[in-house]
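S.K.: I have a structure I would like to understand better, so I am pasting it below and will then ask my questions one at a time.
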Amino acid sequence: MSRIGKLPISLPKGVGVNIDDKNIVTVKGPLGELQQEVNTCITVTVEDNNIVCKRISDEKSHRAMHGLYRSLIANMVQGVSEGFKIQLEMVGVGYRATANGELLELNLGFSHNVMFLLPKEVKVATFAEKGKNPLIVLTSNDKQLVGQVAAKIRSMRKPEPYKGKGIKYSNEVVRRKAGKAAGK
């Protein structure tokens, strides 16, 4: 049995779950509503304020999907109740970010500013304190979407290993390399 798939998902207060006949799970909460279509090999039920996922057989593909759909539904429940937040740190002289609604303007050392249009589900805030690196904070109720947007922003200027300049996750550790002088 899948260790992750067999764990029940407890529902916090204010979160409701609806499972229709087409195996579409809809989770509603204070931060919004999310939907996920579940494969027919997995049955999702609500028992005593818990969501339980069960598979129909012990095939390898069914075992793999068991843990997958349980994790996706757990992320949906956490997203509509608490939300997800990712912080990006901009390391480099002159690197700046400004947020104007759904538009994020990045100054990354190119000859031009980079304009990044965010999906309406993702909220952005930028912070710049003197003596500290500028921060970009992305929040959303959809874990997959906020992670994808953060990865796209990071890909515009990945941290390089020699000076560590670039956009990195705030908890990311950049492995540094020694320069030419260390070879002698």
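The values are calculated or read from the model by the stated rules, or taken from the named source; none is laboratory data. Quick caveat: nothing in here was measured; it's all calculated off a predicted structure. Here the Cβ positions follow ideal geometry from the backbone for every residue, glycine too, while neighbour counts run over all protein chains shown. These accessible areas exclude ligands, DNA and RNA; they are computed on the full protein's heavy atoms, side chains included. Shrake-Rupley method; radii C 1.70, N 1.55, O 1.52, S 1.80 Å.
S.K.: Given the Cα-Cα distance of GLU102 and ASN23 and 0.36 nm per residue of separation, how much length would full extension add, in nm?
M.R.: 25.1 nm
S.K.: Here is a further query. At 1.4 Å probe radius, can you tell me the per residue accessible area of the chain in Å²?
M.R.: 63 Å²
S.K.: Could you identify which residue out of ASP48, ASP142, ASP21 has the top mean-square fluctuation in a GNM of the chain using Cα springs shorter than 10 Å?
M.R.: Result: ASP21 has the largest fluctuation of those listed.
S.K.: Of the heavy-atom accessible surface of region 92-183 (probe 1.4 angstrom), what whole percent is carbon and sulfur?
M.R.: The C+S portion of the solvent-accessible surface of region 92-183 is 52 percent.
S.K.: Same structure again: For the chain, what does the helix formula give at 222 nm: sum of -39500 (n - 2.57) over DSSP H segments with n ≥ 4, over the residue count, nearest 500 deg cm²/dmol?
M.R.: About -6500 deg cm²/dmol.
S.K.: If I model a spin label as a point 7 Å beyond the Cα along the Cα-Cβ vector, how far apart are those points for LYS152 and LYS130 in nm?
M.R.: The answer from the label model is 3.6 nm.
S.K.: On to the next question. What pairs from LYS22/LYS168; LYS158/LYS180; LYS13/LYS60; LYS22/LYS60; LYS130/LYS152; LYS22/LYS143 go past 32 Å between their alpha carbons?
M.R.: LYS22/LYS168; LYS13/LYS60
S.K.: Could you give the length gained on full extension between VAL173 and LYS6, defined as 0.36 nm per residue of separation minus the Cα-Cα distance, in nm?
M.R.: 56.7 nm
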